[in-house]
Amino acid sequence: IGIMGNIKKVIIIGGGASGMVAAISASRNGAKAIIIEQLNRVGKKILATGNGRCNITNSRINIDRYHGKNPSFIHGALSQFNKDDTIDFFADLGLSFYEEDGKLYPASLQASSVIDVLRYEMQDLGIEEICDSRVKSISALDSGFEIKMEDGRKIFGNKVIVATGGKANPGLGSNGSGYKLVKPFGHKIIEPFPALVQLRLDAKFLKSLAGVKFFGEAAIRLKNKVLRRERGEILFTSYGISGPPIIQLSRCTGEQLSLGGEPSLTVNMFPGKDYEEVLNLLIRRNNLRENKPLNHSFIGLINKRLINVLLKESGIEKFDMPCSVVKIEDLKAIANKMARWSFNIKGTQSWSDAQVTAGGVDVSHVNPETMESKLIPGIYFAGEILDIDGDCGGFNLQWAWSSGYVAGFHASLI
């Protein structure tokens, strides 16, 4: 497949969120856009976002919600295509929006709606989709680039946008293949690790608590210093702990683990209350019915499956002793667990469970205003392949839309 006359031909490797928007942006600006996707159709990973609802963006976009060696890199793309531009872009395609605590979803609450309107626009623009195809290598030519496929085919283009994603959720196409494509050009890869993922804990009682949920506060600590704190619904699992607060905390946890640190997790089962307040609460409850067994006194306060585990972890030997004989030292030990239950972290769950990749192509060799490689003119980057990742809540998709749109636009220029 050769270069077509004077029409700029842009090859987009990867048909995810950033790749699809890059193709639309390039095509709208007069280029011939071709997407090469290794799965049997484009956009599959979008279906898994926002618990199947697709959290398109967030009304509270700011740099503090992004991470990497140089988070300020995002300003170049977001200044050209921000969250308001994203809303206008999708509204023009036919989407209405539903907002929930800053998170913006399609009004249909179906991620498939996002894919459907993007694919319709791609088809309307004549964007070519080459699916079930894997790229083996990229070679720079005097007149552009040669894309060699694993099946032996060769595709030629004036510009190339690498939008292959990272390594998170490899079953949906992100397997780190893009790193291998650009390393020969001298691009450094910041060692990737799973982010927005569940944590594995070192605790013997986890299987007995699997499925137990409660509203609480969690904090990641390193040498008694709090790195980050979040609150919300927390879920114990057979391997460790999950829930929105844990997912948010996983990024700084993974970073410390990758650096050889030993971060720990502290859980407060009564967010907003400190140890003294929790202790006073327990004292009042203990005095309500002095003949009631200690373990029964917690019914109605915490999940019943937590009671015996919590008492055992607090050093209590007789769970059914009457409240009248419970010592203040016992209540202090229990209050300490409830307000600041500490866990050793064994690690994070694997890539297959991760929502996003931390690490990736070092942005120091990428132009933040155009997404073009500083090492090889004509190669551009978009989305998760770069060393930029955001918090849970639409921040990563906003980066995909912004970087994709900017890469597509600038790749289409003469």
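The values are calculated or read from the model by the stated rules, or taken from the named source; none is laboratory data. Bear in mind that the values here come from a model prediction, so they are computed numbers and not experimental data. A quick note on method: Cβ atoms are made from the backbone with ideal geometry, for glycine too, and the neighbour counts reach across all protein chains shown. When the accessible area is computed, the model is the full protein with side chains, heavy atoms only, and any ligands, DNA or RNA have been set aside. Shrake-Rupley method; radii C 1.70, N 1.55, O 1.52, S 1.80 Å.
Summary table below
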| read-out | value |
| --- | --- |
| Residues within the stretch 148-169 that are more than 20 Å from LEU386 (Cβ to Cβ) and hydrophobic (A, V, I, L, M, F, W, C), tallied | 3 |
| Scan of the stretch 104-130 for residues that are of a type in the set (Phe, Trp, Tyr) and farther than 13 Å from GLY94 by Cβ, ordered by number | TYR105 |
| Condition check for SER112: within 22 Å of SER25 (Cα to Cα) and either surrounded by 12 or more Cβ atoms within 10 Å (Cβ to Cβ) or modelled with pLDDT of 95 or more (or both) | yes |
| Considering residues of the stretch 43-65 that are in a loop (DSSP other than H, G, I, E, B) and touching a Leu at 6+ places or on another chain (Cβ under 8 Å) only, the residue most open to solvent (accessible area, probe 1.4 Å) | ARG53 |
| Leading residue by the ranking (nearest to the chain's Cα centre (by Cα)) among those in the stretch 199-208 that are in contact (Cβ under 8 Å) with a residue 40 or more places away in the chain and open to solvent by 40 Å² or more (accessible area, probe 1.4 Å) | ARG200 |
| Positions within the stretch 301-338 being open to solvent by 80 Å² or more (accessible area, probe 1.4 Å) and either closer than 20 Å to PHE236 by Cβ or not in a helix (DSSP H, G or I) (or both), in sequence order | LYS304, ARG305, LYS312, GLU317, LYS318, ASP320, LYS327 |
| Residues that are among the aliphatic types (A, V, I, L, M), farther than 30 Å from ILE56 by Cβ and surrounded by fewer than 17 Cβ atoms within 10 Å (Cβ to Cβ), drawn from the stretch 115-140 | ALA140 |
| Hits in the stretch 211-264 - residues which are polar (S, T, N, Q), farther than 18 Å from GLY68 by Cβ and modelled with pLDDT of 95 or more | THR237, SER238, SER242, SER264 |
| Complete set of residues in the stretch 260-287 that are outside any loop (DSSP other than H, G, I, E, B) and among the charged types (D, E, K, R) | GLU276, GLU277, ARG284, ARG285 |
| The stretch 288-300, residues that are on the phi < 0 side of the Ramachandran plot, open to solvent by 20 Å² or more (accessible area, probe 1.4 Å) and part of a loop (DSSP other than H, G, I, E, B) | ARG289, GLU290, ASN291, LYS292 |
| SER143 within 30 Å of SER59 (Cα to Cα) and either of a type in the set (Lys, Arg) or open to solvent by 20 Å² or more (accessible area, probe 1.4 Å) (or both) | no |
| Cross-chain or 6+ apart pairs with Cβ under 6 Å, the stretch 23-51 first and over 18 Å from SER403 (Cα atoms), then open to solvent by 40 Å² or more (accessible area, probe 1.4 Å) and among the β-branched types (Val, Ile, Thr) | LYS32/ILE7 |
| Failed item in (1) open to solvent by 30 Å² or more (accessible area, probe 1.4 Å); (2) closer than 19 Å to ILE388 by Cα, with ASN29 passing the rest | (2) |
| Pairs with Cβ under 6 Å, 6+ apart, first in the stretch 209-229 and touching a residue at least 60 places away in the same chain (Cβ under 8 Å) and under 25 Å from ARG305 (Cα atoms), second of a type in the set (Phe, Trp, Tyr) and open to solvent by less than 50 Å² (accessible area, probe 1.4 Å) | LEU209/PHE236; VAL212/PHE236 |
| Restricting the stretch 177-198 to residues that are among the small types (Gly, Ala, Ser) and open to solvent by less than 10 Å² (accessible area, probe 1.4 Å), the residue that is nearest to GLU37 (Cα to Cα) | GLY178 |
| SER18 being at pLDDT 95 or above and open to solvent by 30 Å² or more (accessible area, probe 1.4 Å) | no |
| Positions within the stretch 347-365 being out of contact with any His (no Cβ under 8 Å at 6 or more places or on another chain), open to solvent by less than 10 Å² (accessible area, probe 1.4 Å) and either on the phi > 0 side of the Ramachandran plot or in a strand (DSSP E or B) (or both), in sequence order | GLY347, VAL356, THR357, GLY359, GLY360 |
| Helices (runs of 4 or more DSSP H) within the stretch 66-169 that include 2 or more residues touching a residue at least 24 places away in the same chain (Cβ under 8 Å), farther than 28 Å from GLY394 by Cα and charged (D, E, K, R) | none |
